[in-house]
Amino acid sequence: MAGENKNEANIFTQYIKSRHSLIKNSKILQTTYIPDNLPHRKDKIDAIVEILAPALNGDKPSNILIIGKTGTGKTAVMNFIGKELRKADPQQENVHFIYINCEVNDTAYGILYSISNQIINNIEENKIPFTGWSLDKILATLTEMIDKENKVFIIVLDEIDRSIQKNGDDIFYYLTTINEVLQKSRVSIIGITNNAKFTELLSPKIKSRLGEEKLVFPPYNVEQLKDILYNRADIAFDTGVLDDDVIPYCAALSAQEMGDARRALELMRISAEIAERQGDPKITSAHVKSARSKIEVDAIVEVIKTLTIQSKILLLGIIKNTEKGLPTMTTGDTYAAYKSVCECIGQSPLTQRRITGLIQELDMLGIIHARIKSTGRTGRTKEIELCIPRDLIEMVKSDDLFKDYKPPTQRTLM
Ligand SMILES: Nc1ncnc2c1ncn2[C@@H]1O[C@H](COP(=O)(O)OP(=O)(O)O)[C@@H](O)[C@H]1O
Ligand SMILES: [Mg+2]
């Protein structure tokens with residue numbers, strides 16, 4: 001049906017027309033899109049399918065723990081398998097597949113509530129309220145709900161470490177022991193985590209239950225990333241829109257950064273968006289370069305926005321020194337500037353020692369550059385230098401925190 005009814009012209013039409021569209025279907029490049037073809041994960045898919053298959057005959061599969069860095073396809077693979085499982089049992093006669101993201105539902109209550117919602121499939125009829133019950137009560141009710149169905153439940157808990165860090169592992173204890181109480185139904189748990197040390201966070205009881213089967217998703221190498229990008233580009237772009245070196249370049253950059261397919265796809269998508277916005281007829285490696293710096297700047301913006309008040313004040317002090325003609329400064333210069341900003345905005349300053357710690361932090365975040373320099377007989381000192389672009393400096397200066405900032409005018413020296 002797409003494209004059949006031409007929309008009438010309105011105030012936006014000129015922009016739609018003037019924009020040369022390079023991306024055939026932008027949904028395909030979004031991170032939420034689940035591709036039907038997942039190159040280089042066939043072995044993992046086969047392994048999981050083999051473990052889960054008994055569920056279709058009403059038997060309980062082993063619990064699985066999936067470990068792998070971000071962007072290694074864990075979520076995509078599990079969602080794909082869920083889709084296929086639903087196709088294999090369309091009436092959900094034997095298997096009920098439930099997917100929960102523990103980053104979104106990060107409390108025990110939230111996780112159990114979401115599971116109950118997916119079982120009932122109609123929020124209004126859910127007996128368990130969104131909030132207010134004791135955990136014991138919700139557990140008992142959920143157990144009853146599960147048992148009534150007389151099925152195998154496969155419950156995927158994605159980003160499982162998020163919940164454990166916050167709430168401990170009681171919820172996983174409950175979910176992995178629930179089978180001892182159930183009469184008719186069975187529950188299998190699939191836990192997914194980015195954290196290789198995750199099992200260290202678990203108590204021994206849960207470690208063995210949750211990790212009955214363990215699968216590790218390794219990072220992708222350049223060649224694998226290329227295949228993933230080629231596959232996606234095939235369905236996202238018309239032929240001839242991508243220059244030949246775009247995908248190898250995106251793949252090479254992302255392989256350097258830990259073999260993360262999400263980053264690789266994001267780089268390709270942003271490159272395409274930049275080319276479109278500039279009205280260019282093709283996507284080239286120059287667009288990839290711009291996309292890369294855009295991603296880097298966006299990351300620093302995010303970091304700066306989330307700095308603590310004291311770190312922001314320190315950063316403004318360093319900016320003020322730089323603008324006063326002091327591109328590299330000592331810890332002493334930095335502390336003096338920091339104190340002066342504190343005074344101007346009515347904040348009480350931290351000690352120099354604390355500020356030295358915050359300087360190290362800004363250095364680690366890549367916002368400033370601090371190196372030790374030996375100064376002859378007196379020993380060693382730190383040389384501090386700002387390293388963020390002009391527009392980010394303006395962003396720091398226009399932070400709400402500094403809206404009443406007025407530089408000290410009369411003082412010649414700080
Ligand atoms: N083998 C693959 N083939 C195609 N796309 C993939 C593959 N692995 C990952 N992706 C894509 O990369 C992005 C990140 O994958 P995701 O499954 O979210 O990673 P993880 O959950 O391991 O952090 C998603 O957009 C996903 O569709
Ligand atoms: Mg994931």
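So the values come out like this:
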item: Translational diffusion of the chain, µm² s⁻¹ [Kirkwood Rh, Cα pairs; Stokes-Einstein; 25 °C; 0.890 mPa s]; result: 95 µm²/s
item: For segment 271-321, the spread of Cα positions along each principal axis, largest first, Å; result: 47, 21, 15
item: Cα gyration tensor of segment 42-217 - equivalent ellipsoid semi-axes, whole Å, descending; result: 23, 20, 15
item: Centre separation in Å (Cα based) which lies between segment 323-342 and segment 97-111; result: 47 Å
item: Among Lys184, Lys226, Lys403, residue whose mean-square fluctuation peaks in a GNM of the chain (springs only between Cα atoms under 10 Å); result: Lys403
item: Cα-centre dipole for segment 42-217 with unit charges at Cβ (Lys and Arg positive, Asp and Glu negative), debye to 20; result: 240 debye
item: Under the Debye formula (equal points on every Cα, no solvent term), log10 I(q)/I(0) of segment 179-227 at q = 0.14, 0.22 Å⁻¹; result: -0.55, -0.90
item: Mean separation of Cα contacts under 8 Å (6+ apart) over length of the chain, as relative contact order %; result: 16 percent
item: Net dipole in debye of segment 270-387 [+1 Lys, Arg Cβ; -1 Asp, Glu Cβ; about Cα centre; nearest 20]; result: 460 debye
item: Partners for Lys148 among lysines (Cα-Cα distance below 22 Å; same-chain residues under 8 apart left out); result: Lys60, Lys127, Lys137, Lys184
item: Among Ile155, Leu175, Val216 the positive-end extreme of the charge dipole of segment 42-217 (Cβ point charges); result: Val216
item: Over segment 307-402, relative contact order from alpha-carbon pairs under 8 Å, at least 6 apart, %; result: 31 percent
item: Whole-number percent relative contact order across segment 42-147, with pairs defined as alpha carbons under 8 Å at least 6 apart; result: 18 percent
item: Cross-link table Lys69/Lys289; Lys83/Lys207; Lys42/Lys226; Lys324/Lys397; Lys74/Lys214; Lys27/Lys282, entries beyond 18 Å C-alpha to C-alpha; result: Lys69/Lys289; Lys83/Lys207; Lys27/Lys282
item: Two-site FRET efficiency, Asp136 against Asp227, from Cβ-Cβ distance with R₀ of 60 Å, rounded to 0.05; result: 0.75
item: Dipole in debye (nearest 20) - the chain, about Cα centre, beta carbon charges: Lys, Arg +1; Asp, Glu -1; result: 1400 debye
item: Stokes-Einstein translational diffusion, segment 307-402 - Kirkwood Rh over all Cα pairs, 1.306 mPa s, 10 °C, in µm²/s; result: 118 µm²/s
item: Equivalent ellipsoid semi-axes, segment 199-321, via Cα gyration tensor eigenvalues times 5, rooted, Å; result: 33, 30, 11
item: Fraction of the pair-distance distribution of segment 236-299 above 15 Å, Cα-Cα pairs, percent; result: 45 percent
item: Span from the segment 61-91 Cα centroid across to the segment 379-395 one, whole angstrom; result: 46 Å
item: For segment 42-217, with +1 on Lys and Arg beta carbons and -1 on Asp and Glu, the positive-most of Asn79, Thr143, Leu112 along the dipole; result: Asn79
item: Charge dipole of the chain about the Cα centre (unit charges at C-beta), most positive-ward option of Gly346, Ile393, Ile28; result: Gly346
item: Within the chain, helix-based [θ] at 222 nm, where runs of 4 or more DSSP H residues each add -39,500 (n - 2.57), nearest 500; result: -15000 deg cm²/dmol
item: Considering only the chain, percent of DSSP beta bridges that pair antiparallel, nearest 5; result: 30 percent
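Values in this text are rule-based calculations from the coordinates and carry no lab data. Treat the numbers as computed from the prediction; the structure is a model and nothing was measured. Here Cβ is always computed from backbone atoms with ideal geometry, including for glycine, and neighbour counts include all displayed protein chains.
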